[in-house]
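The block underneath contains the structure these notes are about, expressed in structure tokens.
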Amino acid sequence: MKIGVLAVQGDVREHLRVLSRLGVEAVPVLKPSHLAGLAGIVLPGGESTAMWRLMRTTGLAEALKSQLDAGLPAFGTCAGMILLAKKITNWPETFFGLLDIAVERNATGRQVDSFEERLTVDGLGEVPAVFIRAPLVRRVGEGVEVLARWQGQPVLVRQGALLGASFHPELTGDDRIHAYFLEICTQTKPPQEAATRLNGEIAP
Ligand code: GLN
């Protein structure tokens, strides 16, 4: 199984390492052709606005958007979750706008306010989590499952094949949340197949 990591900016290497440890083919995604054959994609932490600007210059924003619309599983961590969110409470634009949550950018403060916590994650138990200028989820839509909370606020959410984390699971050495995402990828039909089926061209 081939999993991409959006690689225009942010902590790309850490995610590639975790995915390789979990035994999948992990590839950096820098341009539209890198999306071919992916079973899922990780959108890393970094700076959401910078990532979006860079993706727009190469056409990757549009190409990835159409894959996500077609059902490509995605795991957004921190800035990556902001990219997936339908609404950003303290920013005028939205990016992919698919995950039905409203997020507040930089809700946990500045870089120097970074911290590590242990969270209780549904189905996984206690998991360490690093928060760095983290977005917090201020509202979740009906179809969104909250898998973990910190101080009562949702910090790990899932809507179908989309997973979003306020924190950085790639920085702790605990790979279980990535493994959970890989399960989602295994269970989801590849987008091309889904699109073709929608067109009625092949029998299921
Ligand atoms: N504050 C960043 C943003 O808004 C996210 C920080 C992070 O990814 N660690 O994009």
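The values are calculated or read from the model by the stated rules, or taken from the named source; none is laboratory data. Quick caveat, the model's predicted, so the values are computed rather than measured. Virtual Cβ from ideal backbone geometry, glycine too; neighbours counted across all protein chains shown. Remember, those area values only see protein heavy atoms, side chains included, never the ligands or the DNA or RNA. Shrake-Rupley method; radii C 1.70, N 1.55, O 1.52, S 1.80 Å.
Check each of the GluC sites (Glu not before Pro) in segment 42-122 and keep only those in coil by DSSP with at most 13 other C-beta atoms within 10 angstrom; list them in order. Please list the in-between numbers first.
Working: sites: 47, 62, 93, 104, 116, 117; in loops: 47, 93.
Passing sites in segment 42-122 are 93.
Considering only protein heavy atoms and a probe of 1.4 Å, how much of the accessible area of the chain is carbon and sulfur, as a whole percent? The value for the chain is 49 percent carbon and sulfur by accessible area.
Helix 60-69 and the longest principal axis of the Cα set of the chain meet at an angle near 80°. Considering only 33, 76, 10, the residue lying farthest towards the positive end of the dipole of segment 1-109 is 33, judged by Cα position with unit charges set on Cβ.
Count Lys and Arg as plus one, Asp and Glu as minus one, and take only other residues whose Cβ is under 14 Å from that of residue 60; the net charge is then +3.
Ranked from largest to smallest solvent-accessible area, with a 1.4 Å probe on the protein heavy atoms, 65, 86 come out as 86, 65. The residues of segment 45-106 present an accessible area of 35 Å² per residue when probed at 1.4 Å with all protein chains retained.
Taking θ as phi - 60° and the Karplus parameters 6.51, -1.76 and 1.60, the scalar couplings of segment 155-160 work out to 10, 9, 10, 9, 9, x Hz in sequence order, x denoting glycine and proline. Shown are 166, 33, 114, whose ranking by accessible area with a 1.4 Å probe and every protein chain present, most to least, is 33, 114, 166. Dipole check for the chain: with +1 at the C-beta of Lys and Arg, -1 at the C-beta of Asp and Glu, and the Cα centre as origin, the magnitude is about 380 Debye.
What number comes out for the charge environment of residue 119, summing +1 per Lys or Arg and -1 per Asp or Glu over other residues with Cβ under 12 Å away?
Details: positive: 118, 149, 176; negative: 116, 117, 122, 126, 174.
After counting each charged neighbour, the total is -2.
Ordering 123, 148, 89 by the projection of their Cα atoms onto the charge dipole of the chain, which places +1 on the Cβ of Lys and Arg and -1 on the Cβ of Asp and Glu, puts 89 at the extreme positive end.
Contact order normalised by length for the chain, with contacts defined as Cα pairs under 8 Å and 6 or more residues apart; what percent is it?
Values: 435 pairs, mean separation 37.0, N = 204.
Computed over the chain, the figure is 18 percent.
Given +1 at the Cβ of Lys and Arg, -1 at the Cβ of Asp and Glu and no other charges, the dipole of segment 94-176 around its Cα centre is 300 debye to the nearest 20.
Residue 10: net charge of surrounding residues, Cβ under 15 Å, Lys/Arg +1, Asp/Glu -1, itself excluded? Walk me through the intermediate numbers first.
Working: positive: 13, 17, 53, 105, 133; negative: 11, 14, 47, 170.
Spelling it out: positives minus negatives among the neighbours equals +1.
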